[in-house]
């Protein structure tokens, strides 16, 4: 099945060149090319492509700003930035992108993007291949990864588990090697920190090989990138519900289950030093979801559920104080 695609690039010459390059690949179904980001944003709800190639530097609206708006409409959209920047500059971007391409785009770049998209595509049933159950990742108030049998994954060390947690929270992003060492082994001598990281990645890869989904770790000269499918965790489910009110109302029972079942903080007793910012983001999403649910039950005349939601919000606010 082809990936549907849109391209936004303000230079017509480059846009035409990209259209011709992409036409060679039957794996892409090009739905639209735009040289004005505002026009791309207006057309997006009617296209809802799987992938968007976005120029970083555009007048009036940058590629980063456009990406943030598109992701509010379609949270599972895969973003690829087109840029003249070096890789390190993109590390500061707060939008999750599966890759970046330095202009001009080449066939090798497109093939690399396709490989990453294939790795991120969920496993589906076919007539000849048995469907493998995907591992689930629970982050909301605990941290547990389950394998194809529903059994918790056994980690060789606590640091291997923490490394997976950090990679998972930063999946598809470029992660600086030295920053990773400072986070997980603060104060360690340089040689020991490097050995710890290499050993941790090796052990983690051994665990990932036993799982039925396409997790992978790409290593650069001074960085790592963790690739994984979407929608495997309760945290991703919360993000979807808390960023789409209509969806939250359609899935009110599940939203209620997530909201009431959450026990602060993120990762529960395993809460890591580096996860404080994520804790705050989850609290914000939970509060927003709670407000929506309280209003929904009020409209539906369900006083008991409305009161339950409001009492939970109040209890969490008092606990935070």
Which one is farthest from residue 255 (Cα to Cα) among residues in the range 210-229 that are without any contact (Cβ under 8 Å) to a residue 24 or more places away in the chain and part of a loop (DSSP other than H, G, I, E, B)?
221
What number goes with the only condition from (1) in contact (Cβ under 8 Å) with a residue 24 or more places away in the chain; (2) farther than 23 Å from residue 265 by Cβ that residue 232 does not pass?
(2)
Can you work out which of the residues in the range 138-153 that are out of contact with any helix residue (DSSP H, G or I) (no Cβ under 7 Å at 6 or more places or on another chain) and more than 13 Å from residue 235 (Cα to Cα) is surrounded by the most Cβ atoms within 10 Å (Cβ to Cβ)?
147
Those residues that are under 18 Å from residue 279 (Cα atoms) and part of a loop (DSSP other than H, G, I, E, B), I need them from the range 159-186; list them, please.
170, 171
One residue is enough: does the range 210-225 have a residue meeting the conditions modelled with pLDDT of 90 or more, closer than 21 Å to residue 51 by Cα and within 20 Å of the chain's Cα centre (by Cα)?
yes
Is it fair to say residue 171 is more than 20 Å from the chain's Cα centre (by Cα) and outside the structural domain of residue 283 (by TED's automatic domain parsing)?
no
Residue 156 is checked against (1) surrounded by 15 or more Cβ atoms within 10 Å (Cβ to Cβ); (2) at pLDDT 85 or above; (3) part of a loop (DSSP other than H, G, I, E, B); (4) at negative phi and fails just one. What number does that condition carry?
(1)
Per the list (1) in the same structural domain as residue 21 (by TED's automatic domain parsing); (2) over 20 Å from residue 48 (Cβ atoms); (3) at pLDDT below 75, residue check on residue 126 breaks on (1)
Of (1) closer than 26 Å to residue 27 by Cβ; (2) in a loop (DSSP other than H, G, I, E, B); (3) at pLDDT below 80, residue 119 fails just (2)
Take residue 296 and tell me if it is buried (at least 18 other Cβ atoms within 10 Å of the Cβ), closer than 28 Å to residue 71 by Cβ and either modelled with pLDDT of 90 or more or assigned by TED's automatic domain parsing to the domain that holds residue 158 (or both).
yes
Those residues that are without any contact (Cβ under 8 Å) to a residue 60 or more places away in the chain and either surrounded by fewer than 18 Cβ atoms within 10 Å (Cβ to Cβ) or not in a helix (DSSP H, G or I) (or both), I need them from the range 238-247; list them, please.
245, 246, 247
Go through the range 217-237 and give me each residue that's on the phi < 0 side of the Ramachandran plot and loosely packed, with under 14 Cβ neighbours inside 10 Å.
218, 219, 220, 221, 222
Subset of the range 250-290 (residues that are more than 23 Å from residue 318 (Cβ to Cβ), in a helix (DSSP H, G or I) and in contact with a helix residue (DSSP H, G or I) (Cβ under 8 Å, 6 or more places away or on another chain))
252, 254, 270, 273, 274
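The values are calculated or read from the model by the stated rules, or taken from the named source; none is laboratory data. None of these values were measured; they are calculated from a predicted model. Don't worry about glycine lacking a Cβ; one is built from the backbone with ideal geometry, like all the others, and counts go over all protein chains shown.
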